[in-house]
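Working notes, structure below.
The values are calculated or read from the model by the stated rules, or taken from the named source; none is laboratory data. Everything quoted here is computed from the prediction, not taken from an experiment. Cβ atoms come from the backbone with ideal geometry, glycine included; neighbour counts cover every protein chain shown. The area values use the complete protein model at the heavy-atom level, side chains included, leaving out ligands, DNA and RNA. Shrake-Rupley method; radii C 1.70, N 1.55, O 1.52, S 1.80 Å.
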Amino acid sequence: NLAMKPNVSIFLITAAVVAGILFLIIDFDIAAKDEVIRRFHVYQLHVVQCLVKDMDQYLRSRSQGAQVLSTFASVQHRDLKNMPADIQGYFQYVKKDHVKSISMYDENGIVIYSTTEDAIGRNYAECDFFQWATRKENKGKQFVSSLIRATQHQSERVPYSRFLIATPVYQKAPDSRAPKPADSFVGVLTYTIDLKEVIAAFLPPVSGNVTKQEVWIMDTSGTLLFQSEHPEMVLNCIRKRDETCMRCHVTLDHVEKTLAERQGTVEYALREQPKKSAAFAPLTFKNATWIIAVSVPLNEVSGFAEEQLARTLLLIGVIVVALLSAATLVYRNGRLRVRAEEETKQWREKRELEEKIRESEEHYRTVVDISPDAIAVHCEGRPKEYSKKGLIDTS
């Protein structure tokens, strides 16, 4: 037992060291994961800021193009002989930049020409962009408007992932039929742009183990204008939330924070979905102020750290198993050695006892043999008689 005490002490010390190492590794992993997430927040904010900057430059370029096109004489005088060629020629130049159509409306809101033939003849007099364009104070300005797919029922409105840039057209260019420009409102020129394509073109690629990015855009009123993963949620407003919102959202605090701070990062979770990290920044263009957010699953951000921890724990597990196996083997060998020593000791004691008995018997026999007298011995009630000739059983 005394021999086993050093082995038990070594085993306990080893277990304590392994437990300490395990604690330090887990603590380091938690700190490393927090640092990874912090750095990713910085990177993610940079990503969304770059996206906003690129989109702003893109929109400015497209708005300048619309302004230039609105100065064409064929457009200002609604020359249906030359206007189609001018608009089509310009459209061929910009359609590679995600412009889906160019349309010209008269002063009554009716489409008199469009690169989308189905749109010709439609009346948009009640739309927000046209109502805005008819006001004289908006001369020389531009208006950004989200598009909504019209249906027979107002409650069935379906949003496009598109928006348009509207430019009021005033007659300023001279024409052979009207050498003196009237400087009067003659209609509206619009560019229709695919927002989904623009975001896909300018959104930087994901990094690390992140497999996808989700983009959502809100206006300052809290109305969702774009959602890459759930387009059915577009046009919903946080200010008009109801119980249906809570079917997916645990809380809308992250939306409130996004609207309040306009720029930063936030973490949030939907029901039965992994936690997400989002960075957001504002984009102000003409009349529109959008808050653009880019989010990714948080577990993909820190996934490699968790994988590294799993591999480290696996390695520690292997080491612990090896140590336990070695400790078990040492303990077993120690037990066998102790048992062998005890058996050897018992065997020696037995041999020594047998030797003493043999010597005692020999001594006794010698005494009996040389004795001139007869010696009788009773054993267990049975008399035995010794003589010089040996042991005689008298029973």
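Annotations for the structure displayed:
- Residue in segment 333-345 that is modelled with pLDDT of 70 or more, over 24 Å from the mean Cα position of the chain (by Cα) and closer than 30 Å to residue 259 by Cα present: no
- Flag if residue 365 is out of contact with any Pro (no Cβ under 7 Å at 6 or more places or on another chain), assigned to a helix (DSSP H, G or I), open to solvent by 70 Å² or more (accessible area, probe 1.4 Å) and modelled with pLDDT under 75: yes
- Of the residues 139, 81, 100, the single one that is closer than 17 Å to residue 185 by Cβ and modelled with pLDDT under 95 is 139.
- Matching residues, segment 237-275, being surrounded by 11 or more Cβ atoms within 10 Å (Cβ to Cβ) and small (Gly, Ala, Ser): 264, 269
- Output for segment 231-267, where each listed residue is of a type in the set (Ser, Thr, Tyr) and under 20 Å from residue 220 (Cα atoms): 251, 258, 265
- Residue tally, condition surrounded by 19 or more Cβ atoms within 10 Å (Cβ to Cβ) and part of a loop (DSSP other than H, G, I, E, B), over segment 210-235: 3
- Taking the criterion of being surrounded by 13 or more Cβ atoms within 10 Å (Cβ to Cβ) and out of contact with any strand residue (DSSP E or B) (no Cβ under 7 Å at 6 or more places or on another chain), the residues of segment 74-87 that qualify are 74, 77, 79, 82, 86.
- Some residue of segment 370-390 being in a helix (DSSP H, G or I) and at pLDDT below 75: yes
- Evaluation of residue 57 against (1) closer than 22 Å to residue 215 by Cβ; (2) part of a helix (DSSP H, G or I); (3) in contact with a strand residue (DSSP E or B) (Cβ under 6 Å, 6 or more places away or on another chain) (one fails), failing number: (3)
- Within segment 143-194, restricting attention to residues that are part of a strand (DSSP E or B) and basic (Lys, Arg), the residue that is modelled with the lowest pLDDT is 149.
- Meets criteria (crowded, with 16+ Cβ neighbours inside 10 Å, over 46 Å from the mean Cα position of the chain (by Cα) and either in a strand (DSSP E or B) or of a type outside the set (A, V, I, L, M) (or both)) for residue 90: no
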